[in-house]
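To start, the structure itself, in structure tokens.
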Amino acid sequence: MQPEQPIPSPTLRRRRLGSELRRLRETAGLTGEQVIEQVNWASASKLSRLENGRSRPDVGDVMDLLDLYGVTGAEREELVGIARDAGNTRAFLSSYAVMTSLQRAYAELEAGCTEIQEYGSMIVPGLLQTSAYAKVRILAARPLVGTTDRRAIWQKATGKAAAGQKAAAKAAAKKRDLDDPDTEVAARQSRQSMLLRENGGPSYTAVLEEAALGLRCGPPDVMVGQLQHLCTVAKLSNVTLRILPPTATIASWYLPETAFSIYHFADPEDPSAVAVESLATDLIVNDGPVLEQYRKVFNWLCTAARSPDESIDWLTDAIVRHVAAGAAELGTVPGAAAPLDATPAPLDTTPADSPTTTPAPMSPPVAGGTGPGRPAGPPIQREPQEPATHRAEQVTPD
């Protein structure tokens, strides 16, 4: 049986198309102003957005540019095909049971991946979260989301204000997403379906700090369900899970600064990408030297972390500790019965401010390996040629 071919990532296709169009323009010796004049476009920003991969391309516009640059034959057919992939959001969205604007940017990035590598410092990555754990994370972050809207921060920092009905409609849709945590949880779990493809699912490796799985991360029942879910997911043939002990030495005492995710794609011409998490913004970087740094750090983390088998043993012991801290009997905890289900189980409606059991002290951690060793929101995206020190630009879901 041939592997199922994943739908190409619209985000990466837009970026690849933009890079190729910029290269062709520069090869033709044309400035942006000259191109706008010759193709008779009303706005110079239209070409800029297209070349920077920030807008969904119109195939007709791309063909006009290829005519101007004298591109024919196989190269033209390839670029027109990439333009169609970049704009084919209907096919992309049809593979998800539920999707929201906040989850869509990550879903677009994950589409077409052959390999994903993630490091979770304090939060379990979204592709591994149970519905109950995801809801705790979303509700816990709501006071911050209300005062540190990522889009507003970016607009203020760059001096670009939202304008027009389109921007207002997108802002209203985003507010609806934030006001409906159940829908947001369902969309986050819908992304997890990619890990369950019977044929052609991506290779997935995650390194999680013990701190991301401790008693402070959620109510004991919720955390038991999350830990049981991780045990189940870790046994999938395409998933590798490693737990990083606090006692492990990473390389020459290196300390990772933030959580991050690395994405590799089926088409070798589509550049790999790294998403770096922070409180106010998430960055997506395609710069080659920066990617190589994160690859090196991830290898250090894998070397320092427990082996996959040792990690499952640690998770099993951690479940016992959470039960001792006040969780319900095993098998009755939220999220434990339906791991990685694209249609989430009914969510716990207990108010976020209801009292919870006071956790008991956790037993001392098991000694770790040796050797060299997110509020939800749309990520921000860098141009491929942009140095890592330059300001990043916001992904705008179509």
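None of the figures in this text is laboratory data; all of them are computed from the coordinates on show. Here the structure is a predicted model, which means the values were calculated and not measured. Here the Cβ positions follow ideal geometry from the backbone for every residue, glycine too, while neighbour counts run over all protein chains shown.
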Using the per-residue mean of other Cβ atoms lying within 10 Å as a proxy for protection, in what order, highest first, do the peptides 101-113, 68-80 fall?
101-113, 68-80
Highest mean packing first, using Cβ neighbours within 10 angstrom, the peptides 218-230, 23-35, 54-66, 124-136 sort as 218-230, 124-136, 54-66, 23-35
Taking Lys and Arg as +1 and Asp and Glu as -1, residues besides Arg13 with C-beta under 12 Å from its C-beta add up to -2
Taking H as built 1.01 Å from N, whose amide H comes closer than 5 Å to the amide H of Thr249, not counting residues under 5 places away?
Gly371
Limiting things to C-alpha atoms, what are the Rg and the maximum Cα-Cα separation (Dmax) for region 223-300, in angstroms?
15.1, 42
